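Each remark here refers to the structure printed beneath this line.
The values are calculated or read from the model by the stated rules, or taken from the named source; none is laboratory data. What you see is a predicted model, and the numbers here were worked out from it, not measured in a lab. When we count neighbours, we look across all protein chains shown, and the Cβ atoms used for this are built from the backbone with ideal geometry, even at glycine. Heavy atoms of the whole protein, side chains included, go into the accessibility calculation; ligands, DNA and RNA do not. Shrake-Rupley method; radii C 1.70, N 1.55, O 1.52, S 1.80 Å.
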Amino acid sequence: MNQEMWDLFIESFWKLIIPGLKMTIPLTVTAFFFAMIIAVLVAMVQYANVPVLKQISRFYIWIIRGTPLLVQLLIGFYGLNNIGIHINAFPAAVLIFSLNEGAYCAETMRAALEAVPSGQMEAGYCVGMNYAQIMWHIVLPQAFRTAFPPLSNSLIGMVKDTSLAANITYAEMLYAAQRIVGRTYKFMLIYCEVALIYLMFSTVLTWVQRYGEKRLNAYGGNKG
Amino acid sequence: MSMLEIRNIHKAFDQNEILKGVSITVEKGDVVAILGPSGSGKTTLLRCINYLEKADQGELIFDGRSYDLANTPKKDIAAIRMKTGFVFQNYNLFKNKTALENVTIGLTSVRKIPASEAKKIGLKMLERVGMLARADHFPAQLSGGQQQRVAIARALAYDPEIIYFDEPTSALDPELIGEVLGVMRALAEEGMTMIVVTHEMDFARNVSSHVIFMEDGVIVEEGTSKEIFENPKKERTREFLRLEENRRNVQ
């Protein structure tokens, strides 16, 4: 790498990492937060077999899983704009990413809830707890333990998927990279550089996951 | 008046009739052992009287009140459960809670007893079952026998009027059975009222005051443990006891 390339690399690094910290991370965190709420609610509705709501949940998951995320983003931003609903790129991205991630994580949570042995629920009833108390104190914490690794997986996946938001004018990292490329035509350098920064973010999350799993393992997982 | 009475309980799963009209009476301080071959309905009986299964028909008289087992309001069920303890075959300790928390969670979350007071009760109960030293251990860190003792402590936490045991030693390694039976024997000696579904013939013979032999969803024979073990009247009872005796000798 010659001096000119190296200079561009350094200069671009800041131009990429700043949108990374200011745009990619907030979008990921906000959307994942709402995705978790959606996931738990949608999973519980199915676990508890609530009529109507359960059918709505299945329908929602069917739609989201059956259509591409990029298309959902385009509908959520340009499509809505077309029918008179004008929302900015950030809320549009949060909306679509939450809904999308929520559907996948709901399935993860549902599987984790169903993996909690029915005896846990029965033991809860036997000490006089009601359904909500058992869910809150016993079943959800255990399900969350089971779901933690796949949910971390989803989060790491989502950090990278936010690059799709470049398509709806959300100025995150890839968007910034494309602007640099448009000016310099250094495709290889800049795209590899942005890939490197995504890798950094993912690596940090992997560490967080490892730490989280260690803490949750305090009670020996769900063994015994 | 008896402390607990079950009248004419019926339960079927699909077309399969598991309980065909069983009635039992339990006096305060009784230790009732329910014996019978697999599929006789003894576990279902226990589960029905604590509403883990819904009986199709039957009456529960408990604590001076009568309840329709097929149709008891949720509020009453919760109230009944707080006066009864249930010990499961496979312990069913809350896996995400320590031994102590397993005992106290009902006290704090249902009874709303302050944490410090609940802890005091919890430690006392763990001491009763010899598990005080393991108060901070999670179930996965305990042996089966230890888990079952914690489960008994959990059942004791509410100071119940009666405790139901559903084959409490069936899932245990042979060398761990003794410690659990020891705790149960001590409870019996303290005057705790208990219904015990079991295959432990020695326990039934030596500890229980009353023995019920069930088969195919009906009570074949019942009486004091002396009557049943020394002078069973029904041929089927004799045969069952002989088989159990052989099984034990083989072991």
*Take the alpha carbon atoms of the range B:12-87, find their center, do the same for the range A:1-72, and report the distance between the two centers in whole angstrom.*
50
*Dividing the convex hull volume of the alpha carbon atoms of the range A:48-198 by its residue count, what do you get in Å³ per residue?*
141
_Local net charge near A:Met5, Cβ-Cβ under 12 Å (Lys/Arg +1, Asp/Glu -1)_ = -3
*Sorted by accessible area with a 1.4 angstrom probe, largest first, how do B:His199, A:His86 fall?*
A:His86, B:His199
*asked:* Considering only C-alpha atoms, what is the centroid distance from the range A:96-144 to the range B:164-219, in Å?
replied: 33
*Once you charge only the Cβ atoms, +1 for Lys and Arg and -1 for Asp and Glu, what is the size of the charge dipole of chain A about its Cα centre, to the nearest 20 debye?*
220
*For the range B:133-199, taking Cα atoms only, what is the radius of gyration to one decimal and the Dmax to the nearest whole Å?*
11.8, 32
*asked:* With every protein chain left in place and a probe of 1.4 Å, what is the accessible surface of B:Met214, to the nearest 10 Å²?
replied: 0
*Counting only heavy atoms of protein chains, what accessible area per residue, in Å², does the range B:165-251 have with a probe of 1.4 Å?*
50
*What FRET efficiency comes out for the pair B:Lys120/B:Glu190, r = Cβ-Cβ distance, R0 = 22 Å, nearest 0.05?*
0.70
_Cα-Cα separations in the protein assembly as shown greater than 33 Å, expressed as whole percent_ = 52
*At A:Val204 and B:Ser38, where each label point lies 7 Å from the Cα along Cα→Cβ, what is the point-to-point distance in nanometres?*
5.7
*With the dipole of chain A worked out from charges on the C-beta (+1 for Lys and Arg, -1 for Asp and Glu) around the Cα centre, which of A:Leu69, A:Val29, A:Ala43 lies farthest toward the positive end?*
A:Ala43
*Other chains near B:84-95: what is the mean number of their Cβ atoms within 10 Å of each residue's Cβ?*
5
*May I ask you to give the solvent-accessible area per residue for the range A:3-223, in square angstrom, as obtained with a 1.4 angstrom probe?*
51
_On C-alpha positions alone, give me the angle between the axis of helix A:53-66 and the longest principal axis of chain A, in degrees, nearest 10._
30
*Inter-site label distance for A:Gln178 and B:Arg7 at 7 Å from Cα along Cβ, in nm*: 7.8
*Which parts of the range B:105-122, residue by residue, lose 30 Å² or more of accessible area when the rest of the protein chains are there, as against the chain isolated (1.4 Å probe)?*
B:Ile105, B:Ser109, B:Val110
*asked:* Suppose only helical runs count, i.e. DSSP H with n ≥ 4. What mean residue ellipticity at 222 nm does that imply for the protein assembly as shown under -39500 (n - 2.57) per run, divided by all residues and rounded to the nearest 500 deg cm²/dmol?
replied: -17500 deg cm²/dmol
*What number, in percent, do you get for the relative contact order of the range B:184-231 if the mean sequence gap of Cα pairs under 8 Å and at least 6 apart is divided by its residue count?*
26
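Find the sum over both chains of the accessible area lost when B and A are paired, probe 1.4 Å, and report it in Å² to the nearest 100.
2000
At most 16 other Cβ atoms within 10 Å and a DSSP loop assignment: could you name the trypsin sites (Lys or Arg not before Pro) in the range B:167-251 that fit?
B:Lys233, B:Lys234
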*What's the angle, to the nearest 10 degrees (0 to 90), between helix A:3-19's Cα axis and the longest principal axis of chain A?*
40
*So what does B:Asp56 come to for accessible area, using a 1.4 Å probe and Å² rounded to 10?*
80
*Taking 7 Å along the Cα-to-C-beta vector as the label spot, tell me the B:Arg205-B:Asp159 distance in nanometres, rounded to one decimal.*
3.8
